[in-house]
Amino acid sequence: MRRLELEVTKRDITGKKVRFLRRGGLIPANIFGHGIDSLAVQVDSRKLQHLLSKAGGTDLISLKVGDSATPTRVLIREIQRNPMTGDPIHVDFYQVRMTEKLKAEVPLVIVGEAPALKNKTLTLLHTLSSLHIEALPDDLPHNIEVDISGLEEADQAIHVKDLKVGNKVTVLSDPDTMVIKVSIIRKQVEEVPEVKAAEEEVVEAVAEGGEETEKAPEEK
C-alpha cells in the first residue's frame, strides 16, 4: 500500500477571510470524523497539489497536525475547486477508525488487451466505472483491475462477480451487473423521409394532366 503524508497547521481564519489565506499560498481545510469535533486547518497549496496528484478517495493519508507527535489517519472526503482554474480551494479530511469498516466507491481500471478488438466489426462497451465496496481502512484498494485479455468474441462480457478483489474486501454492488461487453459495431442506416400523401397526389396530377391552370373569372 502506498504511503502518503501531509503536514497541516491549525487555522484561526474562517468565513470569507479565508481568501487571504489562498492569496498567501495556503488552502483552508477541515478534519472531521465519527465522534470527534471538526478541526479547522490550513495546508500549503503546492504540497496539497502534489498529494492530490497521487491520492484517490480510498487512499489513507497520515496527516501531521502542527506539533502533534501522532499523525491522524484520514481519507479525502471532498475537494472544492475553482470552477475557472480547477485548483483546490477547500478540502475536507475524514478521520478514520482503523478498526471500523468503511463503505467506498473504488474506480475500475481496464488492463490487458482484448483479442476481440482485432476484429474491426467489434468494440468494447463499458457499462460500469466504479465498484461499491466495504473494508477496513488499511484494506481499501486504490482501484480494482478489470482484465479484458479473455474477451475473444461478440457478446462475451465481464460482470461484477468475475472481478478479483481479495478476501479482505466485501463487494456491495450487484454481482450480476455487467462491467464490460464485446459488442458488434452496427452501421447506421439513413432513413428516407416519407412523402406526404398530399404531395404524392400533386405529383400524380402533374404526371397525368400537366400543370393546373387558373379558372377564368365569372362574368357579372
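The values are calculated or read from the model by the stated rules, or taken from the named source; none is laboratory data. What you see is a predicted model, and the numbers here were worked out from it, not measured in a lab. Virtual Cβ from ideal backbone geometry, glycine too; neighbours counted across all protein chains shown.
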* Asked: Got at least one residue in region 60-74 being assigned to a loop (DSSP other than H, G, I, E, B), in contact (Cβ under 8 Å) with a residue 60 or more places away in the chain, assigned by TED's automatic domain parsing to the domain that holds Asp138 and in contact with a strand residue (DSSP E or B) (Cβ under 7 Å, 6 or more places away or on another chain)?
  -> no
* To do: Could you please find all residues in region 96-107 being in a strand (DSSP E or B) and surrounded by 18 or more Cβ atoms within 10 Å (Cβ to Cβ)?
  => Ala104, Val106
* Taking Asp155 and the conditions (1) under 21 Å from the mean Cα position of the chain (by Cα); (2) on the phi > 0 side of the Ramachandran plot, which numbered condition does it fall short on, given that it satisfies the others? -> (1)
* Asked: Somewhere in region 175-184, is a residue over 25 Å from Tyr94 (Cα atoms), exposed (fewer than 14 other Cβ atoms within 10 Å of the Cβ) and modelled with pLDDT under 95?
  -> yes
* Asked: Where in region 112-165 are there strands (runs of 3 or more DSSP E), lying wholly inside it, with at least 3 residues that are assigned by TED's automatic domain parsing to the domain that holds Thr177 and either in contact with a helix residue (DSSP H, G or I) (Cβ under 7 Å, 6 or more places away or on another chain) or of a type outside the set (Gly, Ala, Ser) (or both)?
  -> 122-126, 130-135, 144-147
* **Candidate set: region 40-90, residues that are out of contact with any Leu (no Cβ under 9 Å at 6 or more places or on another chain) and aliphatic (A, V, I, L, M); chosen: the one surrounded by the most Cβ atoms within 10 Å (Cβ to Cβ)** => Ile89
